[in-house]
1. Output the Kirkwood hydrodynamic radius of chain A, Cα pairs only, in Å rounded to one decimal.
2. Of B:PRO238, B:PRO85, B:PRO119, which is the most mobile in a GNM of chain B whose springs link Cα atoms less than 10 angstrom apart?
3. Among the lysines, which fall within straight-line cross-link reach of B:LYS196, defined as a Cα-Cα distance under 23 Å, with same-chain neighbours fewer than 8 residues apart omitted?
4. Taking R0 as 60 Å, what's the FRET efficiency between A:THR37 and B:ILE3 from their Cβ-Cβ distance, rounded to 0.05?
5. Compute the acute angle (0 to 90°) between the alpha-carbon long axis of helix B:216-256 and the principal axis of greatest extent of the alpha-carbon atoms of chain B; round to the nearest 10°.
6. Could you state the angle between the C-alpha long axis of helix B:269-297 and the longest principal axis of the C-alpha atoms of chain B, as a value from 0 to 90 degrees rounded to the nearest 10?
7. Can you sort A:SER27, A:SER136, A:SER117 so the residue with the fewest Cβ neighbours within 10 Å comes first?
8. Just how far, in whole angstrom, is the range A:1-67 from the range B:14-40 if you go by their alpha carbon centroids?
Amino acid sequence: MILISNATKLYDNGVKGIDNVSLTIQSGEFVFIVGSTGSGKSTLIRLLLKEVDLTSGQIKIGRDNLSDLTRHQMPYFRRRIGVVFQDFRLLTNKTVYENVAFAMRVVEAPNRDIRRSVPVVLAQVGLQKKAKSYPSQLSGGEQQRAALARAIVNRPPLILADEPTGNLDPGTAWDIMGLLEDINDRGTTVVVATHAKELVDEMQKRVITLKNGAVIRDLAKGGYYDED
Amino acid sequence: MRISSVRYYVSEAFKNLFRNHLMTVAAILTVSACLFILAVSLCLALNIDYLLEQMEQSLSVVVYLSDELDADQVNELYKRIQDIPYVKADSVKYISHEMAIERFIESMDADPSLLDGLPDNFLPRSFELEAGDLAYRDVVIEELKGLAFRGVEKIGNQEQYVGLLTTINNGIRVVSVIVIAGLIVLSVLIIVNTIKITVNSRRTEITIMKYVGATDWFIRWPFIIEGLLIGLIGAAVPLFFSWLSYRNVLAVLRDNFISVEELFDFKTTFEIFSLLIPLTLILGAGIGIIGSVTSMRKYLRV
Ligand SMILES: Nc1ncnc2c1ncn2[C@@H]1O[C@H](COP(=O)(O)OP(=O)(O)OP(=O)(O)O)[C@@H](O)[C@H]1O
Ligand SMILES: [Mg+2]
């Protein structure tokens, strides 16, 4: 599903965000990316989204070789990935329902499908009662649920999450991780960059540890290691 | 493009217009002000052009006749002049000795007794004719010379006026084109800056749209429609006011200066506005769309 070979990202200021990383992530995997601050987790996520371009090496997602994607192909590439951020990034002038529906409008889904799918997805994340609320009227956890609903409504094969629980209290963080696990159980590949030590330890998923932009550990079923 | 998408674009455009109502009002006022100045300049330019055209046409070519010509020969010449292409047949006027003297006295405001003792044929007989546009005058004059009619003493062409009118006319055309082009550029610039202020706040929104896979056109369409609406409303307002003013100015001129109307004709409200309405609407729409789209362009590159 995801094939990263000798990927290096050198920022304009000379900092290596990612340094010669090679990784394979199979379809249907649940992967944590961990590492101390500045280790390159966000850089890796941004590279996978093609928000920034590689300096050298190669990244392939499915059949797409990221460096070959043209500007015109970008929207269609992004539609095959659901993204979740620490700061939710909901459209503040739209209700929860409209935010989720928006992702379907973008792919020009018929209104009929939108009306059918949005409530189903909102129910899946437990937000059916908040459909008419605006993001500012929601708690952080609810906003992140809405963002998750938006990420999955078009059923993308891959979900990328950059510190999805970073702004949430531990209990709510568990809920969100639980939802991500549900989504993964239904067959979606999930990649989560996180600092949430307890969650990582508890969930026993594949854990990839970065340090100074390089992979220093890759465990099939592991926990979060602070040392090193 | 799906109907549901079109409906979505239009509703987004309206929502944005209302959400940023201050910007909307500012943008509409900007377009209105510029298009109003433009409409006024165009009304003036069209009328000045029209007045000059009337003056050009009223400038006659004069053919002076020698006294040797008898009545038959004068008649013959009259017909041949009427047959010349571009000469307006009904504009050819015969001026007899007496009429010439009468006119002279009138124009000099002179005492008729001054002319006592001068022969009746003191001033020559002539034909006056109109050649339509200035452009045709030379052709007509060549033709007149080509008649080689014995007894044609001299052909008067009022060259000094012709030259002056041509210069004024060209000058006014150049100035109005420059003024109008300048106004269009200025209004696009103001619009771009007005809309930029709110697009800045919509920057995160555009970024989010890109994350969920919106194409550039999907993001652009609501902006285009928004710009179009701003432009059309911004055009309708000055059209309404300039139409009102033009009608009233014409009415005032007619009521108070009857003589003005006898000398010159003004373009009718219909003539002016059958040009001004489509022109202003198209310009308004264009300015609105260009302004809206340029102001958001750079945020599309995410
Ligand atoms: N746009 C940028 N320009 C220059 N340097 C950058 C940029 N973004 C990140 N970096 C640098 O690249 C390195 C990796 O940053 P990155 O954001 O990927 O770390 P991270 O693991 O996500 O950290 P955190 O846990 O704090 O989010 C850091 O040294 C950072 O300063
Ligand atoms: Mg980060």
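1. Kirkwood radius, chain A: 18.0 Å.
2. The residue with the greatest mean-square fluctuation here is B:PRO119.
3. Within the straight-line cut-off, B:LYS196 pairs with A:LYS94, B:LYS15, B:LYS210, B:LYS298.
4. Numbers: r = 49 Å, r/R0 = 0.82.
Plugging the Cβ-Cβ distance into 1/(1 + (r/R0)^6) gives 0.75.
5. So the inclination is approximately 30 degrees.
6. The two axes meet at around 30 degrees.
7. Working: A:SER27 12, A:SER136 9, A:SER117 18.
Exposure proxy ranking, most exposed first: A:SER136, A:SER27, A:SER117.
8. Using only Cα atoms, the two centres lie 47 Å from each other.
Only the coordinates and a few stated rules stand behind these numbers; no lab work does. Everything quoted here is computed from the prediction, not taken from an experiment. Cβ coordinates were reconstructed from backbone atoms using ideal geometry, including for glycine residues, and neighbour counts include every protein chain displayed.
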